[in-house]
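Just below is one structure, and these are the notes that go with it.
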Amino acid sequence: MFSVQGAVAQEDHAAAYQALAAQLNLSEQQQQQVRQLINAYAEKVGALQQRTAELRTEMQHVQLDTLKKSDIKRMSQSAGSVAARHTGAVLQTQLDFYNLLNTSQKREYLRLRKEGRVGGG
């Protein structure tokens, strides 16, 4: 289970890649690969959102009178790990997308990124 906000963010991410696919004139095979990338990304992020929700619940229910520095360190490390894996999922999806492009599509994609017309994930 993940948040509605997270689901909307995933839909926005998918829509952005689909619009970019149209703008770069991807072949049908490339478009299928993009759909696979989007689905894989959504699965990874869905699991990360679930873990984020679990951590948030854990923090809300922590007993402050018995909270130890080791507990804070453990929860902080868990949250950091989730953030790192999310960053990894975003960057890996961007790299995988870039790698399925041909030379002219890569050139156009890089131009769009430089102009700020391609989102960062």
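The values are calculated or read from the model by the stated rules, or taken from the named source; none is laboratory data. Because the structure is predicted, anything quoted here is derived from the model rather than measured. Quick reminder, even Gly has a Cβ in these numbers, built from the backbone with ideal geometry, and neighbours come from all protein chains shown.
Does Ala84 qualify as being more than 14 Å from the chain's Cα centre (by Cα) and under 30 Å from Gln105 (Cβ atoms)?
Judged against the criteria, Ala84 is not a match.
Quick one: in the stretch 1-33, which of the residues that are farther than 21 Å from Leu91 by Cα and out of contact with any helix residue (DSSP H, G or I) (no Cβ under 9 Å at 6 or more places or on another chain) is modelled with the lowest pLDDT?
Here the answer is Val4.
Can we say Ser70 is surrounded by 13 or more Cβ atoms within 10 Å (Cβ to Cβ), without any contact (Cβ under 8 Å) to a residue 12 or more places away in the chain and of a type in the set (S, T, N, Q)? Don't jump to the end; show me each part of the working.
Values: surrounded by 13 or more Cβ atoms within 10 Å (Cβ to Cβ): no; without any contact (Cβ under 8 Å) to a residue 12 or more places away in the chain: yes; of a type in the set (S, T, N, Q): yes.
Criteria not met by Ser70.
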